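For reference, the structure discussed in these notes is given below.
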Amino acid sequence: MNELPSIQQLECFIIYGRIPNFTQAAAAANITQSAFSMQIKNLERQLGVRLIERSNRGSHLTPAGEHFLADAQQWMNGLRQLVAKAQSEAARTPVTLHIGVLRSLGDVLMNQHIAYFQQHHKDISLTVYDMTADDLLDALRNDRIDLASTHLLRAEALKEYETIHFCWDRMVYFAPAVTDLPDVVSIADMQGQPLVSYPQNDFMNTVIRDYFQPHGDMPPMAARLATPYAMMHYCCHNRAGALLSKRLLHELDPDASSHPLAQDLRLDSCTVYRKDHPKRAAIEVYVRYICQHFHCAPSPLP
């Protein structure tokens, strides 16, 4: 009987497939580069196939390596699902879904979903993390989170993920200390007031800048704050306004006063997760619930 590859060999090869650099892949596997290289060489020897082409200029998967990588990933994910199912059934512990929430979306909006799962799906627990766009994408790539609740980001950054639309987030103008505004505010109205926005490198700062840009200058900047909660607090105590999610404002204070925008600004909110995720069964339960909650069909975005 031929000797079978070890789990560690397969895991090292899958890591190389994700990070095609021996030094970086070894660091991700938390072993030395020489030990990592030995795992790959032993795997190639057992298979009798060269999986990685090496040269002085670097390394890359061979055609045979690319085919084997796809099969190995599928097999490993199936094994992880079997292990997770067996452990859950034996210990009767819930599957924990780690969910990253885009900071501007507001992690407080997850509270009602957590409460629902505690009551109706005791086999699934939700752990929520507040994240910037860059942190969220990095956490998805490195499996620190299982899925993300986010506004639709750069399409090219999400092409390897399942992306499910669940609602359009309508933005409103929040300026409770500004008393002389019309019921529906225009861009010109907002340009006449100091604006509270996000830090320069934040995804939402780009969205807001692009919203104003076709109509002239940005409003004068009152402050740059990292979270919508801090922006709300600032606007309550200073004569300034902020563009915030109507849904988030209503969740924090149902009686909060805000102004609809004459020039509509809506953001595509979606759930994002890796297509071959080992917790896919639990993720799909969560996605179905979210889509039912927002009365939409759980179909992937094009």
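Remarks
- With the convex hull of the Cα atoms taken as the outline of the stretch 153-302, the averaged projected area works out to 10.2 nm².
- Taking every full run of DSSP H in the chain, the ones that stretch at least 24 Å from end to end by Cα along their long axis and average -1.0 or higher on the Kyte-Doolittle scale are 63-91.
- Working from the Cα coordinates of the stretch 1-85, the gyration tensor eigenvalues give, after taking √(5λ), semi-axes of 20, 15, 13 Å in decreasing order.
- Fraction of beta bridges assigned by DSSP in the stretch 169-266 that are antiparallel (%, nearest 5): 55 percent
- Most mobile of Arg80, Arg280, Arg50 in a GNM of the chain (Cα contacts under 10 Å): Arg50
- Net length gained if the chain between Asn205 and Gln74 were fully extended (0.36 nm per residue, minus Cα distance): 43.3 nm
- Using a simple spin-label model with pseudo-atoms 7 Å out from Cα toward Cβ, Ile19 and Ser6 lie 2.0 nm apart.
- Spacing of the two label points (7 Å from each Cα toward its C-beta) at Gln263 and His60, in nm: 4.5 nm
- Antiparallel beta bridges, as assigned by DSSP with both residues in the chain, represent about 60 percent of the total such bridges.
- If you count Lys pairs in the chain whose Cα atoms are under 17 Å apart, skipping same-chain pairs closer than 8 places in sequence, the total is 4.
- Extending 7 Å from the Cα toward the beta-carbon at both His233 and Asn111 defines two label points whose distance is 1.5 nm.
- Between Lys85 and Gln119, the contour length at 0.36 nm per residue exceeds the Cα-Cα span by 10.1 nm.
- Residue-span extension gain [Trp168 to Asp217] - 0.36 nm each, minus C-alpha spacing: 15.0 nm
Each reported figure results from applying straightforward, stated rules to the coordinates on display, with no laboratory input. Keep in mind that what you see is a predicted model, and the values were worked out from it rather than measured. Neighbour counts are summed over all protein chains in view; Cβ atoms, including those assigned to glycine, are modelled from backbone coordinates with ideal geometry.
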